1. For the chain, what is the accessible area per residue in Å² when the probe is 1.4 Å?
2. If the elastic network links every pair of Cα atoms under 10 Å, which of Thr48, Thr31, Thr153 fluctuates the most in the Gaussian network model of the chain?
3. Quick one: length gained pulling Phe166 to Glu36 fully straight, 0.36 nm per residue minus the C-alpha distance?
4. Quick one: what are the phi-derived ³J(HN,Hα) couplings along the stretch 130-147, Karplus 6.51/-1.76/1.60 with θ = phi - 60°, whole Hz, x for glycine and proline?
5. Tell me, what is the FRET efficiency for Val128 and Gln65 to the nearest 0.05, using R0 = 35 angstrom and their Cβ-Cβ distance as r?
6. Just one of [x] 0.99; [y] 1.09; [z] 1.29 is Rg/Rh (Cα atoms, Kirkwood Rh) calculated from these coordinates, so which is it?
7. Sequence neighbours fewer than 8 away in the same chain don't count; with that in mind, list the aspartates and glutamates whose C-alpha is under 20 Å from Lys84.
8. Once every DSSP H run of n ≥ 4 in the chain is given -39500 (n - 2.57) and the sum is divided by its residues, what mean residue ellipticity at 222 nm do you get, rounded to the nearest 500 deg cm²/dmol?
Amino acid sequence: MFRRRKSETSTSDTQGVDLAKSGGKGRPTPTRKEAEAAARARARVPRTRKEQMQAQRATRSESSQRVRQGMKDGDERYLLARDKGPVRRFIRDFVDVRFSFAEIVIPLMIVSLFVQALIIPLFLVLVVDLVVLRLRLRKQLRARFPDESLKGTSYYAITRAMQMKFMRMPKPKMKIGQALPEHYR
């Protein structure tokens with residue numbers, strides 16, 4: 001009454017084998033000796049305070065290096081909150097593909113400290129360039145992201161435009177004059 005029949009056991013055994021083979025972990029199970037050695041290596045505690053500090057410094061350095069590289073590459077996980085999202089990525093690309101007088105004006109203003117007559121014209125060129133940037137950006141944002149809030153986008157674009165290209169973070173992925181992608185989601 002409670003015994004299994006041969007047909008039931010043979011079908012259940014073959015199904016279990018197929019599942020185990022197809023859903024394997026992709027690597028062999030470590031031997032007991034290897035597992036114990038790995039556990040001892042993880043559990044080994046630095047003996048002195050100096051060793052503890054060196055270990056902490058090394059892990060902190062490795063972590064900050066990974067975060068810094070992720071920010072340079074534009075990886076969403078490592079970006080600051082102000083840089084995250086498709087709207088901000090579009091703004092970065094929009095600013096980066098455009099030739100901006102602000103990149104030239106800032107070094108020229110430093111030089112013009114010695115030649116006072118150049119300061120006001122350079123400042124006017126900078127203001128006009130940033131106003132044009134803002135107007136074109138708002139038009140593009142309304143067309144591409146109609147349901148998104150545009151709060152803070154002008155400030156973000158202007159602060160990025162006023163930085164020299166090699167100093168921008170995240171690093172520019174687009175070259176000047178390059179066509180922008182159609183979708184940013």
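The values are calculated or read from the model by the stated rules, or taken from the named source; none is laboratory data. Note that the structure is predicted; figures quoted are calculated from it, not measured. Cβ sites come from the backbone with ideal geometry, for glycine too, and all protein chains shown count toward neighbours. These area figures cover heavy atoms from the full protein model, side chains too; ligands, DNA and RNA do not enter into them. Shrake-Rupley method; radii C 1.70, N 1.55, O 1.52, S 1.80 Å.
1. Details: 14360 Å² over 185 residues.
Per-residue accessible area for the chain comes out at 78 Å².
2. Highest fluctuation among the options: Thr31.
3. Values: separation 130, 0.36 × 130 = 46.80 nm, distance 4.90 nm.
So the chain would gain 41.9 nm between Phe166 and Glu36.
4. Each residue's phi maps through the Karplus curve to give 6, 5, 4, 4, 4, 5, 5, 5, 4, 5, 5, 5, 5, 6, 8, 10, x, 9 Hz.
5. Values: r = 41 Å, r/R0 = 1.18.
FRET efficiency, Val128 to Gln65: 0.25.
6. The listed entry that was calculated here is [z].
7. Candidates past the 8-residue exclusion: Asp73, Asp75, Glu76, Asp93, Asp96, Asp147, Glu148, Glu182.
8. Working: 7 runs with 112 residues, N = 185.
Theoretical 222 nm ellipticity from helices: -20000 deg cm²/dmol.
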